[in-house]
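First up is the structure itself, then whatever we jot down about it.
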Amino acid sequence: MSVATSTQARPAQWQEKLGVVLFFVLCALLARRVLQAAGSQTVVMIAVSAVLGFVTADLVSGLVHWLFDTWFARTTPVLGKTFVTPFRVHHEDPLDITRHGFVATNGHNCLVSVPVLALALLLPSGPEAPWASSALTFVLMLCLGVFGTNQFHKWSHMQNVSPLVSWLQERGIILGREHHDVHHTAPHTSHYCITTGWLNRPLEAIGFFDGMEKLITAVTGLQPREETMNLPAVTPEAPESTPAPDLATP
Ligand SMILES: [Zn+2]
Ligand SMILES: [Zn+2]
């Protein structure tokens, strides 16, 4: 999961287009399996699984975001260009993400979810697996949450969003604008979760990321944010330029 940013808006690549198509096809197939298996469990169990899937997506977004904000450098082999740089660029130009189209914004996360959805489709869902509807619902909602992360994140940086998106943001159902602004306030060391943001306050309350950093430093000797500590102060937000055409998503 990346924030899908770059220094310039770029056209979507064919792999990302393929990833988006495969993602929606596999989600449709998995949703059909969920409906077929739905009779084996109560509505409450399925609803709890759905919420847990979305909460897990929020946790995954926070862990990935924290990992690449805090550790490694733009020059780190393999990871630097693809994963670290987009997160560092996003702090320098938070509105860059708003200039990306739908596929460029969401293609990477679709590609990440495709193998997970494919594996879920291999799970048994007949009478021998009474837990199937809950498990498949969890995976489906997890993948939908992962898919939504970049879109919700993008929306949180846009001045103008659709009334539905604004409604969802104001009620905290998806990542809210003011909520995410906290992360974009120096030193950028809190509110890493960017799907719904539901876990940000609980994780802050227990000092989760701070504790993880202390543990990693104790074990490896590495210091968090080593690269960014040596850079000049982050530039303020530039005025929003060309809005992305896909206001319907994040
Ligand atoms: Zn960040
Ligand atoms: Zn952001």
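Just so it is clear, none of the values below were taken in a lab; they were calculated from the coordinates. Just so we're clear, the structure is a prediction, and the values are computed from it rather than from any experiment. As a convention, Cβ positions derive from the backbone with ideal geometry for all residues, glycine included, and neighbour counts pool all protein chains shown.
Based on DSSP H segments of at least four residues, each scored -39500 (n - 2.57), the chain has a per-residue ellipticity at 222 nm of -18000 deg cm²/dmol.
The distance between label points at residue 206 and residue 162 comes to 3.6 nm (points 7 Å beyond Cα on the Cα→Cβ vector).
A P(r) calculated from all alpha carbon pairs of the chain, with 5 Å bins opening at zero, reads 1, 6, 12, 16, 18, 17, 13, 9, 5, 2, 1, 0, 0 percent. Distance between the 7 Å Cα→Cβ label points at residue 228 and residue 28: 4.0 nm. Between residue 185 and residue 14, the FRET efficiency from the beta-carbon distance, with R0 = 30 Å, is close to 0.20. From Cα pairs below 8 angstrom and at least 6 apart in sequence, can you work out the relative contact order of the chain, rounded to a whole percent? Value for the chain: 31 percent.
Among complete DSSP H helices in the chain, those whose alpha-carbon atoms stretch at least 30 Å along the helix's long axis and whose mean Kyte-Doolittle hydropathy reaches 1.0 are 14-37, 43-70. If you take the Cα centroid of the range 133-178 and the Cα centroid of the range 30-60, the two points sit 17 Å apart.
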